[in-house]
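Asks: Shown below is the structure under consideration.
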């Protein structure tokens, strides 16, 4: 009997300290990340970035327990989604820059009689640097393997109401018994070089629309924050990136309590747990914030599992 498969796609993260360099090398060899046309130039620039960042990156992952939290959270998410979808559908995941790679997952699928493969990149908003890169990678590997299943893909899901309920629940949990009016909330999106947006990437548009959806839902829930903001994190290099940066935004917030929600991520990783949780907290402390709290990503929450199930059913129809 023919089966279907749902494959969750994400950027990945080191499973141990030895994979840190692999993670960086694969990321900066990606033509969707370093967009220069010359493969040789990309290799040279990528090699230089890896050389300059490897040691500092290893120290970050050392402080996170020697690995990225992204793989552990994703495994739990896959287990829960598998349980929800049942035996007629195989649920698995592939990472872009670290194991398990697409080729490994495809090899496992070859042992099954698969008719359709549903690809769900775990990025709420579309970007060439994330969604396109992950979809291209899997599809290229699958065609290379000679697979015959029909590939069905989704490119974004920031409008899915159940997913956004998962976001709202995480924000509520972070505020806890405190008063909403004592906090500003900043939706922190992963930054992107301005030249990629200018070349036609819709990521910034999607992020803006997503913030508006969440603002409306917070109003429905009477989550009356002092103010709502959008900022961008993770800038590297001298190139112009999307603004305002999170550091710039923190400097303009007059309220002394702030909640951060990482709007571009569905699964916690070094950029949520360390960059937001440690590095930006130090900046907030220096600026005199009395409260600085970072929300968890949806991770393997029941609402996120339900949202992925809805997305799968919609892809089938």
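Asks: Scan segment 1-46 for residues that are more than 23 Å from residue 138 (Cβ to Cβ) and crowded, with 21+ Cβ neighbours inside 10 Å and jot them down.
Replies: 20
Asks: Please state which one of 200, 191 is loosely packed, with under 12 Cβ neighbours inside 10 Å, in the same structural domain as residue 264 (by TED's automatic domain parsing) and within 29 Å of residue 33 (Cβ to Cβ). It would help to see each step written out before you state the result.
Replies: Details: 191 fails: loosely packed, with under 12 Cβ neighbours inside 10 Å.
Just one listed residue meets the conditions, 200.
Asks: Further, regarding this structure: If residue 135 satisfies every condition in (1) closer than 23 Å to residue 294 by Cα; (2) assigned to a helix (DSSP H, G or I); (3) in contact with a strand residue (DSSP E or B) (Cβ under 9 Å, 6 or more places away or on another chain) but one, which is the exception?
Replies: (1)
Asks: What is the one condition in (1) in contact (Cβ under 8 Å) with a residue 24 or more places away in the chain; (2) out of contact with any strand residue (DSSP E or B) (no Cβ under 6 Å at 6 or more places or on another chain); (3) surrounded by fewer than 23 Cβ atoms within 10 Å (Cβ to Cβ); (4) assigned to a helix (DSSP H, G or I) that residue 288 does not satisfy?
Replies: Every listed condition holds for residue 288 apart from (4).
Asks: For residue 123, state whether it is assigned to a loop (DSSP other than H, G, I, E, B), in the same structural domain as residue 26 (by TED's automatic domain parsing) and more than 30 Å from residue 290 (Cα to Cα).
Replies: When the stated conditions are applied, residue 123 passes them.
Asks: I'd like the full set of residues that are under 17 Å from the mean Cα position of the chain (by Cα) and part of a helix (DSSP H, G or I), limited to segment 49-108.
Replies: Correct list: 70, 71, 72, 73, 74, 75, 76, 77, 78.
Asks: What are the pairs with Cβ atoms under 8 angstrom where one residue, in segment 204-215, is without any contact (Cβ under 8 Å) to a residue 60 or more places away in the chain and the other, located anywhere, is loosely packed, with under 15 Cβ neighbours inside 10 Å and not in a helix (DSSP H, G or I)? Sequence gap at least six, or different chains.
Replies: 209/159; 213/159
Asks: Taking segment 245-271, which residues are more than 26 Å from residue 179 (Cα to Cα) and out of contact with any helix residue (DSSP H, G or I) (no Cβ under 8 Å at 6 or more places or on another chain)?
Replies: 245, 271
Asks: Name the residue, out of 122, 150, that is within 18 Å of residue 92 (Cβ to Cβ), in contact (Cβ under 8 Å) with a residue 12 or more places away in the chain and surrounded by fewer than 20 Cβ atoms within 10 Å (Cβ to Cβ).
Replies: The match here is 150.
Asks: For residue 83, only one of the following conditions fails: (1) surrounded by fewer than 16 Cβ atoms within 10 Å (Cβ to Cβ); (2) closer than 30 Å to residue 216 by Cβ. What is its number?
Replies: All conditions pass for residue 83, except number (2).
Asks: In segment 1-45, how many residues are in contact with a helix residue (DSSP H, G or I) (Cβ under 7 Å, 6 or more places away or on another chain) and touching a residue at least 12 places away in the same chain (Cβ under 8 Å)?
Replies: Of the residues in segment 1-45, 23 are in contact with a helix residue (DSSP H, G or I) (Cβ under 7 Å, 6 or more places away or on another chain) and touching a residue at least 12 places away in the same chain (Cβ under 8 Å).
Asks: Can you tell me how many residues within segment 291-317 are touching a residue at least 40 places away in the same chain (Cβ under 8 Å) and under 22 Å from residue 175 (Cβ atoms)?
Replies: Here the count works out to 14.
The values are calculated or read from the model by the stated rules, or taken from the named source; none is laboratory data. Since the structure is predicted, the reported quantities are computational estimates derived from the model, not experimental observations. Glycine gets a Cβ as well: all are built from the backbone with ideal geometry, and neighbour counts include every protein chain shown.
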